[in-house]
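The values are calculated or read from the model by the stated rules, or taken from the named source; none is laboratory data. What you are looking at is a predicted structure, and each value in this text was computed from that prediction instead of being measured. Don't worry about glycine lacking a Cβ; one is built from the backbone with ideal geometry, like all the others, and counts go over all protein chains shown. SASA here: full protein model, heavy atoms, side chains in, ligands and nucleic acids out. Shrake-Rupley method; radii C 1.70, N 1.55, O 1.52, S 1.80 Å.
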Amino acid sequence: MNDEAGTSHKRQTVSSGGSNATRLRRSMTEAQLDTTTDSDSENLQLRRARTQQSASIGRIPFPMLRAEDDSPASWFIPRVRSALYENILNMQTGHRNKGKGVRAWYSSYTTIDWLHDDIREQARLREMRAKGGWWVNHVWDPMQGWVLVIIVGILCGLIAGFVSEWTELLAGWKTGYCQTDWRLSKETCCRQSAIECEYWHTWKSQALPGHLIYILAGGLYTLAAAVMVVRSATRVTVASGATSSSVETRISPTLKVAYYGAGSGIPEVKSILAGFVIHGFLGVRILIVKTFGLILCCASGIMAGKEGPMVQIASSLGNISTRIFDKYYKNEAKKREIISASAAAGVSVAFGAPIGGVLFSLEEVSYFFPNKTMLRSLTCALVAALVLKAYDPFGTGKLVLFQTTYDIDYQWFEMIAFVIIGIFGGLYGAMFCKLNMAVNRLRKNTWIGRYPVLEVIAITALTLSVSYSNPFTRVGLGELVGSLFQECPHDLKRPSSGEEGDEGIHDLLCVAGSQFSDYVPLLSLLALTLLNRASFAVITFGMKVPSGLVLPSMSIGAVFGRIVGTYMEYLTRQHPGHWMFAQCPANGRCIVPGVYALVGAGATLTGATHTTIAVVAILMELTGNLQYTLPVLVGVMAARWVADYFSASGIYDLLLEHAGHPFFDTRTQYIYTKRTAGEVMQDDLENICIDYENENTIALLEKRLDRIRDRGLGDGGFAVVDSRGHLVGWIACAELEYALERCKSLDRTTVCFFNNPLWNVDYAAAYDMLALPHHRTPPEFVKHKQRSEVRKLVHSARKEEASRWGKWLWPQAAGESEPLIDGAAEGSHVPSYSSSDRTEQIEEESPEISPRMAPIDIPGFHDRANDFTPFVDQTPLTISPNSPIELVMSLMGRLGVSYLCVVDKGVYCGVIYKKVFLGYLKELEHSGYTH
């Protein structure tokens, strides 16, 4: 009976306190609305600043937590909303925190909450508007984003030039060196000589054979790159099977090794931009490994491109540069705006295509791409392209990599061939995705994955040994694609011999005769090249070295397109009078095989990545030719339709799923097998009841935190409820972990509190109003009666909270004793509440004597480590269990929330986690429930 009476008394106290708090907030709001003078606002801000300074004396700065050994330090910002969040911002100072609050940063392998980050940004803007001047609000703050993208663009252009220059130099050293200057690449050395390549000295005359030096040099390059990647690997504990087949399945933590410096990097960047947190992936160490590893891999001669890794390099620059401004560094949602713009710069410098880079970031990489981000992406890509052109790594003075000049227009009968090339691109893309994923699963589940360096050496030796005999596979991917795009000269008289001479491989692609026997050597060589490139692309992509997919895919399509174009050229020469070729001139050329190679490059890239508009833009900027835009579009669209028929996802989405990174795909239309939110919620998770205080000790809370981590929900949280099951709030695991860290000095049986209503009232503003002199006070507080009413409300609320929470809430008065917390262990003392009322002191003092007197000290979590109220989200987003599942999809996809609390008439029923809901969507996708 006594317990029931005590519980009833506690509930009445909370209800009464909430009523007084509501009246106080209403009174304060009405007063602040009529504050029209700037001087009053300045006085209020000055008083709050002095209060913060006095409260921070003797305060211990926040310790820095690290999600991983190599992750950056994290500062803490509160997970609370609206006015409550703003009040904590005004009260909090702390080391380097600059009033940003007490919320813990996201730990690694968790998803961010876009809605919370947006609320935090709004609170920052309100605070800046109140404190800052015209320059800060209208010039400096909006300019910070543009400053960052310009900095990223400059750095990205410089790194891209450095990578391109040294890639060409190291690639040339496999076959020889320049006699005039060993630091010159083969292309630059040959350009300086009057006779073609007279200064380039090959290794044929040395002791070792040329092909052996070619293989050893390439193997040494990839070995060094693999060692760097493996040495920079990170051990992480993640939940295996985060996308389980059932939303109730428990997930067991598993230790994994993450090679952040390997692969393309685009799937991980795509997941990061969608809200996933991977500490260290875009850090300084991986930036260095990716840059030098990319140079070595591209120079080695394996099927590795630099486009994907350049996206990761640019994104790393964007992530690192956000540390300049706290506006982006301490807000994960704002930070992703800069990373998205940086990704566009990575594609821009890889191809010299700024517009294509923006479209690629929009279509393939970015999750949220508003107009402001698009403009910043274009600026970043433009600056990066200008810096790269000024760097001039190839010595040509041009930004266009594969400039073409086609002087023959296409004919309508060629559309059939373009469609055929597009069909091949779609079929190849679907086949490549399936085979490459099978190889990656083989790496993951067999002994091959345990020896990544040995695998790299073996595949490199095999690739270079097989490729050396073929002149088209012996050269680099860039040189091959550039030659395939080119047009043959009109005065060609020497038939193709199929052997490479000093003139390079360009003349090998041109045939002077009209008989089929004249075309057989070239067609056979191209067919072998196609088979070689397609086979090694499947097994190379996924090795533990930096490697991209774009240029290898383009080279395969360009070879196939050149085969089709060469055969079409043979048909027009062999049958000049056929009705299909009636539009061709009688004694002239009608077909340009290089156009077919261009169409094929776009088709295979689309088939593998399912990217369309960006591919067309990149190819147009890559070649500087807009004449053949329509043929490229025909081939790209045909490839996309075929690829979608055989595979709903591109290679980047498949790699996302293979790595276990969550990605909320809002473009896929699902056919739901469950109809309501109650069918997908989890109702078997633990929660925290504020009315059973003995269950909320430090030791018991730590055990609850360990149990939820064992289920693989370390990025989740706990619902805070009362004894009737009514939802009071939500505390995330990250905030609870940090709050428990602050209690290390307390006894393990100390009770923790989660619902201190003092945090719901803007006491600082109330005391500021009371402290104002009469002639400076807003109209509502001019009358002494109204001032007294506010004073009584404040005093009443404090008394009610003291009776509810105990004297531990209030600052200790000098010379008073320290009573124990009710229910805490002996020895865990807390200060008591001073009996002197500062409110009465304000009333007694003359306003003219102290017009800027600071308000009283506000009870804070700095003084009471076991008060977890500031970490509680007191307004969690809720949904009814009878709500349609389409509403759940819209809330998570459009608002970006990481969880939804399911509440029925105020009673907590369960929770829907975003990552677990993704498991249900993946189950629908694998079962074919998509449209």
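Would you mind stating whether A304 is in contact (Cβ under 8 Å) with a residue 12 or more places away in the chain and open to solvent by 10 Å² or more (accessible area, probe 1.4 Å)? Judged against the criteria, A304 is not a match.
In region 906-919, the residues that are in a helix (DSSP H, G or I) reach residues that are open to solvent by 30 Å² or more (accessible area, probe 1.4 Å) and of a type in the set (G, A, S) with C-beta atoms within less than 8 angstrom, at least six apart or across chains, in these pairs: G919/S245; G919/S246.
Residue-wise test of (1) without any contact (Cβ under 8 Å) to a residue 24 or more places away in the chain; (2) over 19 Å from L401 (Cβ atoms); (3) assigned to a helix (DSSP H, G or I).
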position: K544; (1), (2), (3): no, yes, no
position: A558; (1), (2), (3): no, no, yes
position: G607; (1), (2), (3): no, yes, yes
position: A614; (1), (2), (3): no, no, yes
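Suppose the filter is in the same structural domain as V636 (by the TED database) and modelled with pLDDT under 90; does L531 pass it? Against the criterion (in the same structural domain as V636 (by the TED database) and modelled with pLDDT under 90), L531 does not qualify.
Those residues that are closer than 22 Å to L464 by Cα and touching a strand residue (DSSP E or B) at 6+ places or on another chain (Cβ under 8 Å), I need them from region 286-308; list them, please. Listed by number, the residues that qualify are G293, L294, C297, C298, A304, G305, K306, E307. The conditions of being outside any loop (DSSP other than H, G, I, E, B) and at pLDDT 85 or above are met by L727. Going by the conditions given, is V615 crowded, with 23+ Cβ neighbours inside 10 Å and under 17 Å from C488 (Cβ atoms)? In short, no.
If only residues of region 647-680 that are of a type outside the set (G, A, S) and more than 21 Å from K270 (Cβ to Cβ) are counted, the one that is surrounded by the most Cβ atoms within 10 Å (Cβ to Cβ) is V680.
Count, please, the residues in region 672-700 that happen to be among the hydrophobic types (A, V, I, L, M, F, W, C) and under 32 Å from the mean Cα position of the chain (by Cα). Total meeting the criteria: 4. Within the span defined as region 623-633, every residue fails to be part of a helix (DSSP H, G or I), touching a Cys at 6+ places or on another chain (Cβ under 8 Å) and closer than 24 Å to P489 by Cβ.
When the test is whether a residue is in contact (Cβ under 8 Å) with a residue 60 or more places away in the chain, among the hydrophobic types (A, V, I, L, M, F, W, C) and touching a Phe, Trp or Tyr at 6+ places or on another chain (Cβ under 6 Å), V642 does not pass it.
Scanning region 899-910 for residues that are within 15 Å of T875 (Cβ to Cβ) and surrounded by 15 or more Cβ atoms within 10 Å (Cβ to Cβ) returns Y899, L900, C901, V903, Y908. Find the helices (runs of 4 or more DSSP H) located wholly in region 282-337 whose residues include 2 or more that are more than 21 Å from A160 (Cβ to Cβ), and list them. Hits in region 282-337: 326-329.
Look through D644, D683 and report the one residue that is over 22 Å from E925 (Cβ atoms) and open to solvent by 50 Å² or more (accessible area, probe 1.4 Å). That would be D683, the only listed residue that is over 22 Å from E925 (Cβ atoms) and open to solvent by 50 Å² or more (accessible area, probe 1.4 Å).
Residues are listed down the side, and each one gets a yes or a no for (1) free of Cβ contacts under 8 Å to residues at least 40 places away in the same chain; (2) out of contact with any Cys (no Cβ under 8 Å at 6 or more places or on another chain); (3) crowded, with 18+ Cβ neighbours inside 10 Å:
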{"position": "I338", "(1), (2), (3)": "no, yes, yes"}
{"position": "S342", "(1), (2), (3)": "no, no, yes"}
{"position": "F351", "(1), (2), (3)": "no, yes, yes"}
{"position": "P354", "(1), (2), (3)": "no, yes, yes"}
{"position": "A381", "(1), (2), (3)": "no, yes, yes"}
{"position": "D407", "(1), (2), (3)": "no, yes, no"}
{"position": "E414", "(1), (2), (3)": "no, yes, yes"}
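Listed conditions (1) open to solvent by 10 Å² or more (accessible area, probe 1.4 Å); (2) touching a Pro at 6+ places or on another chain (Cβ under 6 Å) are all met by A582, apart from (2).
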